[in-house]
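Scroll down for the structure; my scribbles are underneath it.
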Amino acid sequence: MIKNISNLGDAALYCDFGNEITKEINTQVIRYFKTIQKKNIEGVNNLTPSYNKLIISFDLKKINFNKLKKIIDDIEIIKSDSIQNKKFEIPICCEKEFSLDIKRLEEKLKMKEEKIYESFFKKEFFCYMTGFIAGMPFLGDLDENLRAKRLDTPRVKVPKGSIGLTEQFANIYTFESPGGWNIIGNTPLNIFDSSKENEPNLINPGDLVTFKRITKENYQNYHE
Amino acid sequence: MNKNYFEILRAGINSTFQDLGRNNLYHIGIPFSGAMDNRNYLLANKLTGNDNNNPVIEFAYQGPHLKYHGNAINVAITGDVSFKIKKGNNLIDGECYQSFILENNDELDIISTNKSVYGYLAISGQFDLKLQWSSCSTNIKAKIGSNNGEKLSVNQKINIKEINQNLVNKKLNYINTKIENIRVLKGTNFDYFSEESKKLFFGNEFKVSKLSDRMGMRLEGKKIENIVDTNIRSEGLIKGVIQVPADGNPIIMLSDHGTIGGYPKIGVVISADYDKLVQLTPGSTIKFQEIDLNSAETLFKLYDLETQNLISQI
């Protein structure tokens with residue numbers, strides 16, 4: 001449940017679900033998000049669910065903080081398990097040219113490359129949120145022994161399709177962008193497609209994701 | 001095929017199609033975008049007789065140099081902009097907030113914005129554009145929007161699909177005012193910063209850095225000291241949020257911002273000051289002034305009334 005609602009500037013509500021990050025809390029965030037989305041509240045123009053927060057942006061010409069807060073305070077959340085989890089298997093290639101930070105991770109985690117991949121590939125991930133750049137999924141949770149900090153200096157350009165690790169999460173760079181996550185491979189799969197206006201994101205909050213290792217040959221032939 | 005079009009002789013630094021932007025896409029990672037300076041965008045459309053969500057060309061610093069081909073069309077430029085109109089051998093100094101007619105082979109040279117960043121070019125008609133999520137707004141980083149998500153480039157054609165028949169020249173007496181004091185509401189992580197840094201944030205001057213664009217405005221000044229954690233769990237952002245990363249230099253999120261961020265939020269610029277904020281050029285000084293939510297709401301009402309009033313004068 002929402003623990004506290006405060007204002008973020010004069011045109012957004014900051015709904016705080018606490019400090020913990022768990023699937024249960026994130027599922028609550030997603031339920032609120034879906035309920036509010038369905039309600040089509042006059043003046044609300046954006047919703048940003050994240051691990052344990054929900055930001056509700058609004059048009060200050062149509063509604064203000066206090067009026068909207070009252071509506072959200074009184075909202076009845078759809079409790080049924082109508083949130084459908086889709087499952088995906090994402091192919092990734094971990095050849096040298098794609099696994100830009102694997103050596104760095106070996107040092108940071110004091111683990112051998114094979115062990116890192118073994119632990120990574122056996123995991124089923126949960127999509128907590130999408131964003132930062134269009135369609136980027138934030139997937140959790142990595143095993144404790146795979147948790148590393150961001151790069152000290154972020155890359156100016158992370159190649160499209162890169163799979164990155166930071167703390168308890170993995171993500172996929174949906175297009176070339178700056179970024180500081182530890183890159184361990186690359187997928188030939190298109191995770192974001194702006195030509196599909198109704199569903200541009202392949203992976204959405206609540207979905208389950210596993211990764212499958214593919215050879216460089218498979219990677220290169222993927223689109224043929 | 002298209003008989004009315006602009007030929008681009010020079011594209012300018014960052015010329016893109018913009019309108020009111022896109023709603024309800026933050027959750028998939030797509031920002032609002034849209035014209036940076038909303039008031040000047042609305043005025044440009046009204047001066048050319050359009051409704052308020054008609055695509056315009058936004059330019060930054062140096063604008064495009066265009067040659068027009070086709071039937072007579074009305075054009076208006078808003079902002080604080082120097083430009084020239086070439087009709088045959090006549091070179092005319094252009095005036096902002098005053099629509100003018102372009103005829104076949106006339107040229108429009110938008111030389112530069114003056115001590116401001118953004119200007120707007122509207123036409124009495126519609127550019128021939130492909131929309132994405134009902135908006136032309138171009139986000140060049142995400143490659144979203146008209147013109148394949150790219151800025152305008154030299155030798156390209158800008159096709160016009162429709163010209164309004166009624167070519168009435170319109171004018172508005174208006175001068176853009178500048179502000180140095182930007183009013184700010186405390187952010188959700190205000191208490192992550194030392195007492196001294198909180199005072200410094202609201203007392204000292206900051207300088208707008210060259211590393212500023214449609215995504216964000218970076219500031220330089222005395223470092224702001226974080227005493228809790230230089231990272232927070234990634235969460236949503238909105239335009240106007242002031243984040244302070246580990247290096248202690250604030251970054252203000254602007255219209256093409258990333259939708260999620262992991263740096264503490266020290267403050268949020270009030271809606272009433274956003275249009276003026278985005279016009280501050282690199283090297284300008286900026287000072288933050290603390291304000292409460294009620295006052296911020298009242299100031300926005302006043303700002304919006306003033307905009308509506310200007311529109312009704314046209």
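Some points to look at:
- Selection count where residues are surrounded by 20 or more Cβ atoms within 10 Å (Cβ to Cβ) and of a type in the set (Lys, Arg), scope region B:290-305: 0
- Whenever a residue of region A:1-23 is more than 7 Å from chain B (Cβ to nearest Cβ), its partners that are exposed (fewer than 14 other Cβ atoms within 10 Å of the Cβ) and assigned to a strand (DSSP E or B), lying with C-beta atoms within less than 6 angstrom and at least six residues away or across chains, give the pairs A:ASP16/A:ASN4.
- Qualifying residue in region A:47-64 (condition: within 9 Å of chain B (Cβ to nearest Cβ), surrounded by fewer than 21 Cβ atoms within 10 Å (Cβ to Cβ) and under 15 Å from B:ASN24 (Cβ atoms)): yes
- Residues of region A:79-103 classified as surrounded by 14 or more Cβ atoms within 10 Å (Cβ to Cβ) and more than 18 Å from the chain's Cα centre (by Cα), total: 7
- Strands (runs of 3 or more DSSP E) lying entirely in region A:158-207 (those with 2 or more residues that are within 11 Å of chain B (Cβ to nearest Cβ)): A:169-172, A:177-179
- Number of the condition not met by B:LYS161 [criteria: (1) out of contact with any Cys (no Cβ under 6 Å at 6 or more places or on another chain); (2) under 21 Å from B:ILE30 (Cβ atoms)]: (2)
- Residue identified as touching a residue at least 24 places away in the same chain (Cβ under 8 Å), closer than 24 Å to A:ASN85 by Cβ and of a type outside the set (Asp, Glu) among A:THR187, A:THR166: A:THR187
- Listed by position, the strands (runs of 3 or more DSSP E) enclosed by region B:102-151 that each have at least 3 residues that are β-branched (Val, Ile, Thr) and either out of contact with any Cys (no Cβ under 8 Å at 6 or more places or on another chain) or touching a residue at least 60 places away in the same chain (Cβ under 8 Å) (or both) are B:107-113.
- Within region A:45-70, the residues that satisfy the criterion of being over 20 Å from the mean Cα position of the chain (by Cα) and either part of a loop (DSSP other than H, G, I, E, B) or under 16 Å from B:GLU297 (Cα atoms) (or both) are A:PHE58, A:ASP59, A:LEU60, A:LYS61, A:LYS62, A:ILE63, A:ASN64, A:PHE65, A:ASN66, A:LYS67, A:LEU68, A:LYS69.
- Those strands (runs of 3 or more DSSP E) of region B:204-289 in which at least 3 residues are within 14 Å of chain A (Cβ to nearest Cβ) and crowded, with 23+ Cβ neighbours inside 10 Å, considering only elements entirely within it, cover B:265-269.
Each value in this text was obtained by applying a stated rule to the coordinates, not by laboratory testing. Source: prediction; values computed, not measured. Every residue, glycine among them, receives a Cβ derived from its backbone with ideal geometry; neighbour counts consider all protein chains shown.
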